[in-house]
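A.B. asks: Before anything else, here's the structure in question.
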Amino acid sequence: MADTTVDGVLAELAALEDPKVRAVNERHGDDHGVNLTKLRAVAKRLKVQQDLARQLWATDDTAAKLLALLICRPKEFGRDELDVMVRRARTPKVHDWLVNYVVKKSPHAEELRLAWFADPDPVVASAGWALTTERVARPAGLDLDGLLDIIEAGMKDAPDRLQWAMNHCLAQIGIEHPEHRARAIDIGERLQVLKDYPTPPNCTSPFAPIWITEMVRRAESAPQKKF
């Protein structure tokens, strides 16, 4: 695929544009109309191409940015490069994929977590919280009580994407750490964040008390491995 051009990829993405898909995505703040299954098929064909990924990212086209995140080499991005990228992600899906598919696999993840955690831009701060949630399962160096203090004081009035990330961290603490579970559930009950979030059938509510309780129930009812 060495002769693949940015213009050629952009033309292919344009041909995949579906007005119905765009309408759905725009309701969630994402300005593209490419079905993600088809986008992933393009990425599978292109395979990993770091130079092309950087060029696609630079177009500022949302579908191209998403494709770039699927064909890049996460460990080849520098710390400052990732910082600029998260500040220019623009749309929720690009931001989410950048953090989960690239930053979490980067050797700079912990440094960026600390740098972003209290950033004045709530979207950047949400990336710091997402990386912190990833750390909750291996909490060495984390002050879980301190995190709960911050969540208790600030989640209720946080902007949407930051609130969502803080709520995820709250739930993860409650799920992973029995000694903090009662407090995490209590915080969720008192703040009522996402209590009325519309949840499809057979999906778990993002309301932290329900989320924590359900995930703990599943873990406790799962068959135990025999050695």
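The values are calculated or read from the model by the stated rules, or taken from the named source; none is laboratory data. The shown structure was predicted, so the numbers you read here are calculated from the model rather than taken from an experiment. All Cβ positions, glycine included, derive from the backbone under ideal geometry; neighbour counts span all protein chains shown. The protein model used for the area step is the full one, side chains on, heavy atoms only, and it has no ligands, DNA or RNA in it. Shrake-Rupley method; radii C 1.70, N 1.55, O 1.52, S 1.80 Å.
A.B. asks: Find the accessible area per residue for the range 83-215; the probe is 1.4 Å, ligands and nucleic acids are left out, and the unit is Å².
C.D. replies: Ligands and nucleic acids excluded, the result is 48 Å² per residue.
A.B. asks: A further question follows. Out of all Cα-Cα pairs in the range 102-227, roughly what percent, to the nearest whole number, are more than 23 Å apart?
C.D. replies: 33
A.B. asks: Can you pull the semi-axes for the range 139-213, root of five times each eigenvalue of the Cα gyration tensor, sorted largest first, whole Å?
C.D. replies: Semi-axis lengths for the range 139-213 are 19, 15, 10 Å.
A.B. asks: Sorted by mean Cβ packing within 10 Å, highest first, what order do the peptides 13-26, 193-206 take?
C.D. replies: 13-26, 193-206
A.B. asks: Grab the chain and count how many Lys pairs have their alpha-carbon atoms under 18 Å apart, sequence gap of 8 or more, or different chains.
C.D. replies: 18
A.B. asks: Then there is this: Bin by bin, in steps of 5 Å, what percent of the Cα pairs in the range 85-167 do you find, going until the bin that has the longest distance?
C.D. replies: Reading the bins upward from 0: 3, 15, 28, 28, 16, 9, 1.
A.B. asks: So, one more: Can you give me the Rg/Rh ratio for the range 47-105, using Cα atoms for both radii and the Kirkwood formula for Rh?
C.D. replies: That ratio equals 0.90.
A.B. asks: Another question, if that's okay. Based solely on its DSSP helices, what 222 nm [θ] is calculated for the chain when runs of n ≥ 4 H residues each add -39,500 (n - 2.57) and the sum is averaged over all residues, nearest 500 deg cm²/dmol?
C.D. replies: Helix contribution divided over all residues of the chain: -18500 deg cm²/dmol.
A.B. asks: To the nearest 20 debye, what is the magnitude of the charge dipole of the chain about its Cα centre, counting +1 on the Cβ of each Lys and Arg and -1 on the Cβ of each Asp and Glu?
C.D. replies: 920
A.B. asks: Separate question: With springs connecting C-alpha atoms under 10 Å apart, model the chain as a Gaussian network and identify which of Thr62, Thr91, Thr132 has the largest mean-square fluctuation.
C.D. replies: Maximum among the listed residues: Thr91.
A.B. asks: Continuing with this model, one more query. Could you run the Debye sum over the Cα atoms of the range 1-79, one equal point scatterer each and no solvent, and tell me log10 of I(q)/I(0) at q = 0.10, 0.13, 0.15, 0.27 Å⁻¹, two decimals?
C.D. replies: The Debye formula, applied to the Cα set alone, gives -0.22, -0.38, -0.50, -1.34.
A.B. asks: Please grab the % of Cα pairs in the chain that end up more than 33 Å from each other.
C.D. replies: 26
A.B. asks: When N is the residue count of the range 9-131, what does its C-alpha Rg come to as a fraction of 2.2 N^0.38 Å?
C.D. replies: Here the Cα radius of gyration is 1.04 times the empirical estimate.
A.B. asks: Follow-up question, since we're still on this one. Going 7 Å from the Cα of Glu26 along its beta-carbon direction, which residues of the range 88-120 have the amide nitrogen within less than 18 Å of the resulting point?
C.D. replies: Flagged as within label range: 91-94.
A.B. asks: Starting from the Cα-Cα distance between Arg79 and Met215, subtract it from 0.36 nm times their residue separation and give me the gain in nm to one decimal.
C.D. replies: In short, 45.5 nm is gained.
A.B. asks: First compute the accessible area of the chain with a 1.4 Å probe, then give the percent of it belonging to carbon and sulfur atoms.
C.D. replies: 54
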